[in-house]
Amino acid sequence: VTVLRRAAIVAVGSELLTPSKLDTNSLHITEQLNRLGLDVVVKAVAGDSRDELTHLIGALLERVDLLILCGGLGPTDDDVTREAVAAALNRPLVEDEAITERLRERFKARGFATPMPETNRRQAMVPAGAVVIENTKGSAPGLWIDHHGKSVALLPGPPRELKPMLAALVEGPLRERSSGEPLVRRVVRITGRIESDVDQLLQPLYREWAAAVPAIAATILAQPSAIELHLSAHALSQDIVDRALESAVQRVVDTIGADVYSTDGRTLEQVVGDLLAANGLHVAAAESCTGGLITSRLTDVPGSSRYVDQSVITYSNDAKTELLAVPTELLNAHGAVSEPVALAMADGIRARARADIGVGVTGIAGPTGGTPEKPVGTVVVAVTAASDRRCRTFRFYGERELVKFQASQAALDMVRRMLS
Ligand code: ATP
């Protein structure tokens, strides 16, 4: 049998073309295919149009070895996947009696008084030569077709039906026809730098990796307050690819230094939590413009009670004075969004919570409240400990929600840097 290397996925269903429904099946399918060493080179979403779908299938099969379609296998007129595949492969649709029989039994077992409607027989009409993939969770059977060295799989849309059927494919025909060279990915997360800067620093590495065996592909992704570098490679053994990726990750860490905060998939809040736990320290935050987001992110991590005891949200000046003992004179002299106030907030919550590390955040999330000296997006973050006091003024971009997120990211990152 031919080894399948390049795959495409088509999610079928007009609802997937509306703003209210997202295709998530393809994410799961991609993950499974990558494990077998298949690259997904195209993903597409098609509505319930037989013609569009037939055309798309024909075009994709010129380019890939494996095509997986999901959805559109129901019994009604707008379920067109079987027909489109038959047309694209130029195979007749024939009734599979065994499927009809199973559908009838299923219908009877569900206790309906009337016999199965004839329309349900549509689900037994399959492209000639198709092999049935059993559906234990629903009525629509899946289909597998080998066609001139290429393979086509048809799976139902509901994720709970699709998943076990895909698992059966992975154990059966897909494993037989795959290279067995798993695609492994590592993600390096970086903060405090811009994308182009990271990209430029890593250019020499990209060239080396492209020429190496196994070759390592690198993709850089800019996210608010973080840059992700995705490294991936194929190899015959998991061991070889793991080792190659580990040494590539190490090269990135050597090049970028302390701005790398995660090389093993952990989020920033997990990294900070692990550092706090490892050092037996408690953190407490006094949050103004972040409205609790920093503490919310810290407590998203299971086991965070080891290092979070309390935080406060002090939005108004009065609250800052009342709960954190920030002197009114300080607020009047410098304004609430200032380094002296952020430091006083951090010290105030540290004392109040008897924590080892205090975080104070104050800023202007917008859209109003900015001034020429302190425009919207100005955020001051202070992190203090018994023998270390740090404070920085940031100028973040974007809407309110984005400013809040960037502020929480900066605060967590300053805690991380203090502990690393
Ligand atoms: P059946 O009609 O027998 O249930 P089907 O193959 O016709 O199966 P669809 O009608 O296309 O499946 O989809 C049924 C439901 O499955 C959709 O309403 C949707 O909730 C979910 N679904 C379909 N496709 C996807 C997808 N790509 N990602 C996530 N969910 C999906």
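The values are calculated or read from the model by the stated rules, or taken from the named source; none is laboratory data. The model shown is predicted, which means the values in this text are computed figures rather than measured ones. Cβ sites come from the backbone with ideal geometry, for glycine too, and all protein chains shown count toward neighbours. In case anyone asks, the SASA skips ligands and DNA or RNA and just uses the protein heavy atoms, side chains included. Shrake-Rupley method; radii C 1.70, N 1.55, O 1.52, S 1.80 Å.
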Residue within the range 1-20 that is of a type in the set (Val, Ile, Thr), under 19 Å from Pro141 (Cβ atoms) and outside any strand (DSSP E or B) present: no
Identity of the residue in the range 214-229, touching a Lys or Arg at 6+ places or on another chain (Cβ under 7 Å) and of a type in the set (A, V, I, L, M), that ends up surrounded by the most Cβ atoms within 10 Å (Cβ to Cβ): Ile227
Positions within the range 371-392 being open to solvent by 10 Å² or more (accessible area, probe 1.4 Å) and more than 24 Å from His282 (Cα to Cα), in sequence order: Thr371, Pro372, Glu373, Lys374, Pro375, Val376
Residues of the range 195-213 that turn out to be of a type in the set (A, V, I, L, M), under 26 Å from Val271 (Cβ atoms) and loosely packed, with under 11 Cβ neighbours inside 10 Å, as a count: 0
Residue in the range 15-35 that is surrounded by the most Cβ atoms within 10 Å (Cβ to Cβ), counting only those that are over 15 Å from the mean Cα position of the chain (by Cα) and within 8 Å of the ligand (Cβ to nearest atom): Leu16
Strands (runs of 3 or more DSSP E) lying entirely in the range 340-418 (those with 1 or more residues that are among the aromatic types (Phe, Trp, Tyr) and over 30 Å from the mean Cα position of the chain (by Cα)): none
Checking Ile240 against (1) over 24 Å from Ser196 (Cα atoms); (2) in a helix (DSSP H, G or I); (3) free of Cβ contacts under 8 Å to residues at least 24 places away in the same chain, the condition it does not meet: (3)
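Matching residues to (1) open to solvent by 60 Å² or more (accessible area, probe 1.4 Å); (2) not in a helix (DSSP H, G or I):
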| site | (1), (2) |
| --- | --- |
| Asp78 | yes, yes |
| Glu83 | no, no |
| Thr100 | no, no |
| Val126 | no, yes |
| Asn135 | no, yes |
| Ser139 | no, yes |
| Asp146 | yes, yes |
All positions within the range 287-316 that are more than 26 Å from the chain's Cα centre (by Cα), farther than 14 Å from Arg354 by Cβ and aliphatic (A, V, I, L, M): Ile313
Hey, Leu93 near the ligand (Cβ under 10 Å from one of its atoms) and either open to solvent by less than 20 Å² (accessible area, probe 1.4 Å) or without any contact (Cβ under 8 Å) to a residue 40 or more places away in the chain (or both) or not: no
Which listed residue is open to solvent by less than 20 Å² (accessible area, probe 1.4 Å), closer than 23 Å to Ala11 by Cβ, in a helix (DSSP H, G or I) and out of contact with any Pro (no Cβ under 7 Å at 6 or more places or on another chain), from Leu169, Leu154: Leu169
